[in-house]
Amino acid sequence: MKIKNIFILTIFAFFFFASFSSLYAQEVPAHADIVDSMAVLVLQLGIIIFAAKAGGVLFNKLKLPTVVGEIVAGIIISPYFLGGIKLPGLAQGFFPLYAGFPVSIELYGISTIASIILLFIVGLETDIDTLFRFSLAGSFIALFGAILSFVLGDLAGVLFSKYVFGLQYGFGHPVPLFLGIISTATSVGVTARTLSDSRKLDSPEGITIISAAVIDDVIGIIVLAIIIGICKSGQVAWKQVCFISLKAIIIWLGFTVVGITFARQLSGLLKKFKDKAAISIISLALALFLAGIFERSGLAMIIGAYVMGLSLSKTDLSYIIQENLSVLQKFFIPVFFCVMGMLVNLQEIFSSKVLLFSSMYLVFAIVGKVFGCGLPALFCNFNLIGATRIGVGMIPRGEVALIIAGIGLSANIIPRDIFSISVMMTLITTLVTPPFLAKLFALDGTGLRKKLKIRLEQTEIQYSMPNLETSELILIRVIEAFKRENFYIYLTEVPEKIYQIRKDQTFIVLKYTPQSLIFSCSAGDSSFIQTLFYDVLVDLEYIIKHLEVLPDKEKIGRSIFENKGKVKNGRVKFSQIINKAAVEINLKGNTKEEIMRELVDVLARSGQLGVNQNKDKILKDLLERELIISTGMQDGIALPHVKTDEVSHLVSAIGIKKAGVDFNSLDKKPSLIFVITLVPRAFAYPYLKHMAEVANFLMSDENRQKMLSCRSNEDLYKVLISNK
């Protein structure tokens, strides 16, 4: 969708709702009737979803993180900007202030559920094996980064609150403490997306960054639990701090260990529901349940959701749950980020004091990660380039930081201006990191001081395919074979098709291309894959040997034109398919190959084939297609067509040889009218419908006679476009 169209749609939607607002909403009184409250909630939710989607698409088009667009959309529709504009029937706007708070309790409740879903998905996506494999370096880097970021964030709260706002906060005051926690959490999603786009996700720096970011979030979540406990108790004595810390760690670690230890039993219990959708919904219910337990235990709900996701991440249900919850994720997560944006007061952001505070806090937040994570990396076999990449890769804050800030605001622990400062820091670090990180990875040279001795734990099995059709057919059969063996399969496209195949502790990755099927698995599973693939080939060979019992192909071909007495005129619009230069009434060829070569030349002459497209390869593909079964139909018609890599979209041309050519047609008569069609192999294109419409037009004796009586290409084109 073009940026201009997005902008127009956004403006149109706003004024549409504004024009008819009196029909759907009313000003929300302090004690509104529950039905009215729900009506307002539904209206607000609709606006939020549209705004979040528009903002995400717009920023994606601008090559900026989608999450930033969703937050900005929330800022725009907030009560402090467009949402607070007075309208007919809406004296306080679409989004009034509720006792000074920017969103209603109901709307904030939905965003809370969204945060639980988000952290549950983050837990599911966590690769525990990678986490453990790089846990030493990752933990070392994450710990130092978290400590320095927390100290600098807390220090920023103490210093700048005093010099900017004139407030005297100590280091143990909740506001500086929360600024320290918010500064700690790294956005795994933003960094992972940048590394994936640069194809550096599996590099030593990439794996270390992801590992450290995950551990970083865990540290942040544990510290959050401790700080919340301190805030609730109202005490900051070291004895109390130690007690709360021990309680948080025991509860978090205890549930995590139990969850991971009994993950297989939990997976087996979930599998009893059989239906994949039911399994996913029950898993989410468990995440919500555990989130509630953690909250009641004095910890944050998001910690419980993350623990449940982490517990299921190692099971074969992980990808199935992610796949089935993807719709909920796409619905709720943008709502969450948009609501977070709505909590930002634009007037506060652009005040000189908040801008000054934000700038200094931003500097402290960047320094905390670059030096806090970069310096320890120098002691983990990384050189200066590698350490800098890791330090910069840890800069962006994102979902966890916003959730922590939202918790602080909703619990009245931090004021709204501090929340706005936190959001600004999150937005800017999320924006600036991707381009800088991409440039760092573009630099020549390794980031390691010494080359790693990698112990190969995985093996790769590759099967080459002769063509796209064979590759697709075998892929389908292989996937069906895995499903029969009760494997769970999850498809990702980034940009290749990659199937993640799991059952209990077996994990197989299948990469599909038109040229090959590549399996990555443990050495112990290679025999199983070889056996499965062999059985697939045996099944296909059995099918091929029994093809003769299928319906007669020639009989089916003749039936295409059997309705000619019932259809007087076809309704295909040739002007939408064939341009004026793509017709030729005087073909010279006397053989099938010569005719098809001329038709390819007609396509080139009409501009439908580029200068770099190989006409000889197209002709070869056409001839190979003819070997399977002739495209010569009956009544003097031939429809040569083929899928080829030489075109990117459907192209077609029409030629006439009035003397006729032997095209091995179904009625054994010479072919006079030829319609050539080329479609790309790479994606499905509705070319069969196009050919059926062409056949529908040509089955009319009147239409064929008109075409054969033409004396020029222009006459022929007029006959084609006059058919309406």
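Of all residues in the range 408-417, those being in a helix (DSSP H, G or I) and more than 18 Å from Asp154 (Cα to Cα) number 1.
For the range 617-724, the helices (runs of 4 or more DSSP H) that sit wholly inside it and include 3 or more residues that are under 28 Å from Thr513 (Cβ atoms) are 687-698. Confirm whether Ile141 is at pLDDT 70 or above, among the β-branched types (Val, Ile, Thr) and either surrounded by fewer than 17 Cβ atoms within 10 Å (Cβ to Cβ) or under 33 Å from the mean Cα position of the chain (by Cα) (or both). So Ile141 passes the test.
Conditions tested, residue by residue: (1) among the hydroxyl-bearing types (Ser, Thr, Tyr); (2) buried (at least 16 other Cβ atoms within 10 Å of the Cβ); (3) in contact with a helix residue (DSSP H, G or I) (Cβ under 8 Å, 6 or more places away or on another chain).
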site: Asp417; (1), (2), (3): no, yes, yes
site: Ser422; (1), (2), (3): yes, yes, yes
site: Pro434; (1), (2), (3): no, yes, yes
site: Gly445; (1), (2), (3): no, no, yes
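Residues checked against (1) more than 23 Å from Ala581 (Cα to Cα); (2) out of contact with any Asp or Glu (no Cβ under 8 Å at 6 or more places or on another chain):
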residue: Gln634; (1), (2): yes, no
residue: Ser648; (1), (2): no, yes
residue: Ile656; (1), (2): no, no
residue: Val679; (1), (2): no, yes
residue: Val694; (1), (2): no, yes
residue: Arg704; (1), (2): no, no
residue: Asp715; (1), (2): no, yes
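Table: residues versus (1) on the phi < 0 side of the Ramachandran plot; (2) modelled with pLDDT under 90.
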residue	(1), (2)
Leu587	yes, no
Glu594	yes, no
Gly607	no, yes
Lys615	yes, yes
Leu622	yes, yes
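Where strands (runs of 3 or more DSSP E) sit wholly within the range 448-511, those with at least 3 residues that are modelled with pLDDT under 75 occupy 488-493.
Listed here are the residues, each with its yes/no results for (1) under 30 Å from Thr256 (Cα atoms); (2) surrounded by fewer than 24 Cβ atoms within 10 Å (Cβ to Cβ); (3) not aliphatic (A, V, I, L, M).
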| position | (1), (2), (3) |
| --- | --- |
| Gly309 | yes, no, yes |
| Gln322 | yes, yes, yes |
| Val354 | no, yes, no |
| Phe357 | no, no, yes |
| Val367 | no, yes, no |
| Cys380 | yes, yes, yes |
| Leu384 | no, yes, no |
| Thr388 | no, yes, yes |
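Within the range 586-614, residues that are among the β-branched types (Val, Ile, Thr) reach partners that are assigned to a helix (DSSP H, G or I) and surrounded by fewer than 16 Cβ atoms within 10 Å (Cβ to Cβ) with beta carbons closer than 6 Å, at six or more positions or on different chains, in the pairs Val600/Lys615. Can you confirm whether the range 418-440 contains a residue that is within 15 Å of Val344 (Cα to Cα), part of a loop (DSSP other than H, G, I, E, B) and either out of contact with any Leu (no Cβ under 7 Å at 6 or more places or on another chain) or without any contact (Cβ under 8 Å) to a residue 24 or more places away in the chain (or both)? Checked against the condition, which is being within 15 Å of Val344 (Cα to Cα), part of a loop (DSSP other than H, G, I, E, B) and either out of contact with any Leu (no Cβ under 7 Å at 6 or more places or on another chain) or without any contact (Cβ under 8 Å) to a residue 24 or more places away in the chain (or both), the range 418-440 yields no hits at all.
Okay, residues lined up against (1) surrounded by fewer than 21 Cβ atoms within 10 Å (Cβ to Cβ); (2) within 44 Å of the chain's Cα centre (by Cα); (3) closer than 23 Å to Val719 by Cβ:
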site	(1), (2), (3)
Ile595	no, no, yes
Ile618	no, yes, no
Leu622	no, yes, no
Leu627	yes, yes, no
His649	yes, yes, no
Asp667	yes, no, no
Val675	no, yes, yes
Val679	no, yes, no
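If only residues of the range 44-75 that are small (Gly, Ala, Ser) and over 14 Å from the mean Cα position of the chain (by Cα) are counted, the one that is farthest from Pro102 (Cα to Cα) is Ala54.
Kindly establish whether Ile428 is surrounded by 15 or more Cβ atoms within 10 Å (Cβ to Cβ) and either within 23 Å of the chain's Cα centre (by Cα) or at pLDDT 80 or above (or both). Answer is yes for this residue.
Within the range 629-638, the set of residues being crowded, with 21+ Cβ neighbours inside 10 Å and either among the hydrophobic types (A, V, I, L, M, F, W, C) or not assigned by TED's automatic domain parsing to the domain that holds Val583 (or both) comprises Met633, Ile637, Ala638. Taking the numbered list (1) of a type outside the set (Asp, Glu); (2) surrounded by fewer than 14 Cβ atoms within 10 Å (Cβ to Cβ); (3) in contact with a strand residue (DSSP E or B) (Cβ under 9 Å, 6 or more places away or on another chain) in turn, Ser722 passes all entries but (3). What residue, of Val158, Val151, is assigned by TED's automatic domain parsing to the domain that holds Ser351, touching a Pro at 6+ places or on another chain (Cβ under 8 Å), assigned to a helix (DSSP H, G or I) and modelled with pLDDT of 85 or more? Only one candidate passes the filter, namely Val158.
Each row is one residue, and each column tells you yes or no for (1) closer than 20 Å to Leu402 by Cβ; (2) surrounded by fewer than 21 Cβ atoms within 10 Å (Cβ to Cβ); (3) modelled with pLDDT under 80; (4) not hydrophobic (A, V, I, L, M, F, W, C).
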residue	(1), (2), (3), (4)
Pro176	yes, no, no, yes
Leu201	no, yes, yes, no
Pro204	no, no, yes, yes
Ser211	no, no, yes, yes
Leu246	no, yes, yes, no
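The values are calculated or read from the model by the stated rules, or taken from the named source; none is laboratory data. Since this is a predicted model, take the numbers as computed values, not measurements. As a convention, Cβ positions derive from the backbone with ideal geometry for all residues, glycine included, and neighbour counts pool all protein chains shown.
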